[in-house]
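A.B. asks: Dropping the structure in here first, questions after.
The values are calculated or read from the model by the stated rules, or taken from the named source; none is laboratory data. All values reported here derive from a predicted model rather than from experimental measurement. FYI the Cβ positions are ideal-geometry reconstructions off the backbone, even for glycines, and counts take in every protein chain you see. Surface accessibility is based on the protein's heavy atoms, side chains included, excluding ligands, DNA and RNA. Shrake-Rupley method; radii C 1.70, N 1.55, O 1.52, S 1.80 Å.
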Amino acid sequence: MKHKFYKKIALNRILSLLVGLLITTGTFFAVGLEPVLASETIYLGDGGWSVPVGTWDPVSRIAVLTQDTSSSIVITSNYIVLDGNGYTISGDGTGNGVYTESKHDITIRNLLIVGKQNGVKLYKTHHSIVENNTISNNTQLGIYLYEATLVSVINNKTFSNGLAGISVRAYSTYNTIENNESYLNETGIKFEGGFNNIVRNNEIRDNTAYGLLITNDLALVGGVLVTLVTDDNQIYNNNFVNNWAQAYVYTSLVGDNNVFNLDLPIGGNYWSNWTSPDENNDGIVDSPYVHVPYGVQDNLPWTTPNGWLNLPLPNQAPIADAGGPYSTILGNAVTCEGGSSYDPDATSGDSIVSYNWDIVETYYVLAGVTPTLSIEEINALGIGTYSVNLTVTDSFGATHTDTTTLEILPLPTTVLED
């Protein structure tokens, strides 16, 4: 009996130690439930996951998350795709949802990231993609590029983040921020340093401070504090809607080559507080969007959201058909037939507005779809073959010419019989 008693005590102690160990490591298992890992760091590298939270294909180097987690994921190797598969990384306001440093050819996609300090942070990362993520309620930044180059940030939703939905900082160059929605942040998109970046086709709305903020950054270079200028960035074809300040450029601190429009048909941005007048109905506000105190000038602001997607197709010239070749004899009139001419833009409301004929290089000038050369005019031309040109003009002034011939034959000879 005594041995059984001691065995029971020993078993209880072992069980207690195991439970204590599980509590300390923050790992719990429940039958039939998908675990949410506690806040340890998960590493993703050449060998896959450091903790089994998803699948890993060593050939394609695609890692797919298969459960929610409250851990930060750190990518430690190049050429890795992290597919969140719609799962959530959550947090307590600290750390990064996903972080990588000094890596290249990284793809981060299909994640929900909520409640971290930063959603995705790429530090000195190059030639990478952040796409199709929903990133919200982080205490600082949704997507953070720091000294990043050739990174595409596309089709993400960043909202209700403490400082900015998307932040570009330091020597970040040649990045593209495209087709994102950034709303209800303090700032939608923020630049602190960086040049030759492109911001286009984004929905930037309802941010409490700035839709877009461009300022400078400071860095220690060789022990000396230097200013990192934000310059030569292109911001066009974005919708700026109901931000407290649509855009703010600290012109005294940054370069003056940040542009807010390209030549048409690309044009500038849509500003919800600058939509008229448009007297010529070309979709562009007749005067530039200029916010002098904020250092913003868009010379080709659109009157409607996504106006650049609703451009009318270029006018196509009409097609002339002069009919013919024509043939007649002296003493007979001839009718020209231009009815087969057409306008390829007829379904869009365009049409041919004039038909102009010239016979023998303007010897005779006729007008209309089916004009007639009279007997007198035929006889005046005489026997021979002559050029006939038809020029049609559409409602936009575009023209097209078709050429045929007119042959005038002699009267038939009458042979008298004895």
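Yes or no, residue by residue, for (1) within 23 Å of VAL64 (Cβ to Cβ); (2) of a type in the set (A, V, I, L, M):
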{"residue": "LEU122", "(1), (2)": "yes, yes"}
{"residue": "GLN140", "(1), (2)": "no, no"}
{"residue": "ASN156", "(1), (2)": "yes, no"}
{"residue": "SER167", "(1), (2)": "no, no"}
{"residue": "THR173", "(1), (2)": "no, no"}
{"residue": "ILE189", "(1), (2)": "no, yes"}
{"residue": "GLU192", "(1), (2)": "no, no"}
{"residue": "ASN201", "(1), (2)": "no, no"}
{"residue": "ARG205", "(1), (2)": "no, no"}
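A.B. asks: Could you check GLY295 against (1) within 21 Å of ASN281 (Cα to Cα); (2) at pLDDT below 90 and say which number it fails?
C.D. replies: Going through (1) within 21 Å of ASN281 (Cα to Cα); (2) at pLDDT below 90 one by one, GLY295 breaks only (1).
A.B. asks: Of everything in the stretch 352-366, what is open to solvent by less than 50 Å² (accessible area, probe 1.4 Å) and assigned to a loop (DSSP other than H, G, I, E, B)? Give them in sequence order.
C.D. replies: Answer for the stretch 352-366, where residues must be open to solvent by less than 50 Å² (accessible area, probe 1.4 Å) and assigned to a loop (DSSP other than H, G, I, E, B): just VAL360.
A.B. asks: Okay, next question. Could you tell me how many of the residues in the stretch 199-219 are open to solvent by 40 Å² or more (accessible area, probe 1.4 Å), part of a strand (DSSP E or B) and of a type outside the set (D, E, K, R)? Even if it seems obvious, please write down each step before you answer.
C.D. replies: First, pick out the residues of the stretch 199-219 that are open to solvent by 40 Å² or more (accessible area, probe 1.4 Å): 200-201, 203, 205-206, 208, 210, 218.
Still in the running and part of a strand (DSSP E or B): 200, 203, 205, 210, 218.
The next check asks that each one be of a type outside the set (D, E, K, R); those that pass are 210, 218.
Total satisfying the criteria: 2.
A.B. asks: Test each condition in (1) surrounded by 18 or more Cβ atoms within 10 Å (Cβ to Cβ); (2) among the small types (Gly, Ala, Ser); (3) under 18 Å from PHE396 (Cα atoms) for SER348 and report the one that comes out false.
C.D. replies: (1)
So that you can scan it fast, the table gives a plain yes or no per residue for (1) free of Cβ contacts under 8 Å to residues at least 60 places away in the same chain; (2) surrounded by fewer than 18 Cβ atoms within 10 Å (Cβ to Cβ); (3) under 23 Å from LYS116 (Cα atoms):
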site: VAL130; (1), (2), (3): yes, no, yes
site: ASN137; (1), (2), (3): yes, no, yes
site: ASN238; (1), (2), (3): yes, no, no
site: TRP244; (1), (2), (3): yes, yes, no
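A.B. asks: Here are the criteria: (1) touching a helix residue (DSSP H, G or I) at 6+ places or on another chain (Cβ under 8 Å); (2) within 30 Å of PHE260 (Cα to Cα). Tell me which single one TYR364 does not satisfy.
C.D. replies: Only one criterion is unmet by TYR364, namely (2).
A.B. asks: In this structure, does THR335 turn out to be hydroxyl-bearing (Ser, Thr, Tyr), without any contact (Cβ under 8 Å) to a residue 60 or more places away in the chain and in contact with a Gly (Cβ under 7 Å, 6 or more places away or on another chain)?
C.D. replies: No, not satisfied.
A.B. asks: Here's a follow-up. Check PHE396 against each of (1) in a strand (DSSP E or B); (2) open to solvent by 70 Å² or more (accessible area, probe 1.4 Å); (3) under 17 Å from GLN316 (Cα atoms) and name the one condition it does not meet.
C.D. replies: Unmet condition: (1).
A.B. asks: Right, another one. Within the stretch 27-41, is even one residue over 28 Å from the mean Cα position of the chain (by Cα), modelled with pLDDT of 95 or more and either over 30 Å from GLU131 (Cβ atoms) or buried (at least 17 other Cβ atoms within 10 Å of the Cβ) (or both)?
C.D. replies: no
A.B. asks: Give me a count of the residues in the stretch 329-345 that are open to solvent by 50 Å² or more (accessible area, probe 1.4 Å), hydroxyl-bearing (Ser, Thr, Tyr) and more than 15 Å from TYR386 (Cα to Cα).
C.D. replies: 2
A.B. asks: Which one of SER348, SER387 is touching a residue at least 24 places away in the same chain (Cβ under 8 Å) and out of contact with any strand residue (DSSP E or B) (no Cβ under 9 Å at 6 or more places or on another chain)?
C.D. replies: After applying the criteria, what remains is SER348.
A.B. asks: So in the stretch 93-128, with the set limited to residues that are closer than 18 Å to GLU186 by Cβ and in contact with a Phe, Trp or Tyr (Cβ under 6 Å, 6 or more places away or on another chain), which one is surrounded by the fewest Cβ atoms within 10 Å (Cβ to Cβ)?
C.D. replies: Here the residue is LYS121.
A.B. asks: Of the residues TYR270, TYR342, TYR294, which single one is over 30 Å from LEU212 (Cβ atoms) and among the aromatic types (Phe, Trp, Tyr)?
C.D. replies: One residue alone meets the criteria, TYR342.
A.B. asks: Let me ask something else about it. When the residues of the stretch 291-325 are filtered to those that are of a type in the set (Phe, Trp, Tyr) and open to solvent by less than 30 Å² (accessible area, probe 1.4 Å), which remaining residue is farthest from TYR248 (Cα to Cα)?
C.D. replies: Among those that are of a type in the set (Phe, Trp, Tyr) and open to solvent by less than 30 Å² (accessible area, probe 1.4 Å), it is TRP308.
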